[in-house]
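Here the structure is laid out as structure tokens; the discussion comes afterwards.
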Amino acid sequence: MKTSVILHGLHNEFTLDQMKACIELAEKYGGSFRHVVTGIQITGIEKDDKEQLISELPDGVTTVIHRGVNSLIACVGKGHCKNGQMETKELADYVERKHYGRKTSHKCKIGISGCGRNCPDAMVKDIAFIGTSQGFMLAVGGNTGMRPEAGKILARKLTIEQSKKAVDILIDWYAEHGEPRERMGQLLERLGNPLEGVEL
């Protein structure tokens, strides 16, 4: 029986050495590559080989989890793109290191875009930061799949430090109050804005 492994790198960025190692693993186990929204997928491997392949992943590459903070996609941001309004790496590194893999009631996807062009499709993530000339805009509750919708804007003109505080509050709130299989947008509908009245 064939199976697959979806890989995750630090805010979905893979170094050349990591990619080379992943290519070698795909060749070793008879797989091929496919890009998916949450990471890179090695397909066509034997089910019996899956755990061994995972044990040989290079440093900094893990598998995607399915319940919890499981995906953070960030564009290159202001320092590397002429359209960028905000730097994205500092916020992405912070979120990744503090929250990736944290258990929540269902999956929690985060997108960080340095400008309104929204290359990482942040607005359809559970938590979205969109760069503007005045700071980050924060939207919550976006979703794709069977119930697609854009996130609801909860804050504007956030600094990077305010954005860090906001994401901490949101993920703590989701982990504490989310019901089984409830996405963040559904929790927002049920309980309202957890940032209301909070000074960021």
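No lab work stands behind these numbers, since they all come straight from the coordinates. Small disclaimer: the values here were computed from a predicted structure and weren't measured. Cβ: placed from backbone, ideal geometry, glycine included. Neighbour counts: every protein chain shown.
Could you work out Rg/(2.2 N^0.38 Å) for the chain, with Rg from alpha carbons only?
Working: Rg = 17.4 Å, N = 200, 2.2 N^0.38 = 16.5 Å.
Rg over 2.2 N^0.38 Å, computed on Cα atoms: 1.06.
May I ask you to derive the relative contact order of segment 128-200, considering only C-alpha pairs under 8 Å and at least 6 residues apart, and to give it as an integer percent?
28 percent
Provide the FRET efficiency to the nearest 0.05 for the N193-S55 pair, computing r from the beta carbons and using R0 = 45 Å.
0.55
For the ranges 161-170, 123-132, 64-73, what's the packing order if you count other beta-carbon atoms within 10 Å of each residue, average per peptide, and put the highest first? Write down the numbers at each step before the final one.
Working: 161-170: 17.9, 123-132: 24.8, 64-73: 19.6.
In decreasing order of mean packing, 161-170, 123-132, 64-73 become 123-132, 64-73, 161-170.
Report the charge-dipole magnitude of the chain in Debye, nearest 20, computed about the Cα centre from +1 at each Lys and Arg Cβ and -1 at each Asp and Glu Cβ.
The calculation lands at about 540 debye.
Sorted by packing (mean other beta-carbon atoms within 10 Å per residue), highest first, where do 39-46, 148-155 land?
Top to bottom by mean Cβ count within 10 Å: 39-46, 148-155.
Quick check: convex hull of the Cα atoms in segment 2-63, volume per residue, rounded to a whole Å³?
Per residue, the Cα convex hull of segment 2-63 comes to 68 Å³.
Take every DSSP beta bridge with both residues inside segment 69-191 and express the antiparallel ones as a percent of the total, to the nearest 5.
Counting only bridges with both partners in segment 69-191, antiparallel ones make up about 55 percent.
Quick one: putting +1 on the C-beta of Lys and Arg, -1 on the C-beta of Asp and Glu, what dipole do you get for segment 2-63 around its Cα centre, in Debye to the nearest 20?
So the magnitude is around 260 debye.
How high is the relative contact order of the chain? Use alpha-carbon pairs under 8 Å, at least six apart in sequence, and give a whole percent.
Reported relative contact order: 16 percent.
With the Cα gyration tensor of segment 103-200 giving a ≥ b ≥ c as the square roots of its eigenvalues, does the rule (a/c under 1.5 for rounded; else a/b larger than b/c for prolate; else oblate) give rounded, prolate or oblate?
oblate
Please state the shape class of segment 42-91: rounded when a/c is under 1.5, otherwise prolate if a/b exceeds b/c and oblate if not, all from the C-alpha gyration tensor.
Details: a/c = 3.21, a/b = 2.67, b/c = 1.20.
In terms of gyration-tensor shape, prolate.
Once you have the Cα-Cα distance between T63 and E46, take 0.36 nm times their residue separation minus that, and quote the gain in nm to one decimal.
The T63-E46 span can extend by a further 4.5 nm.
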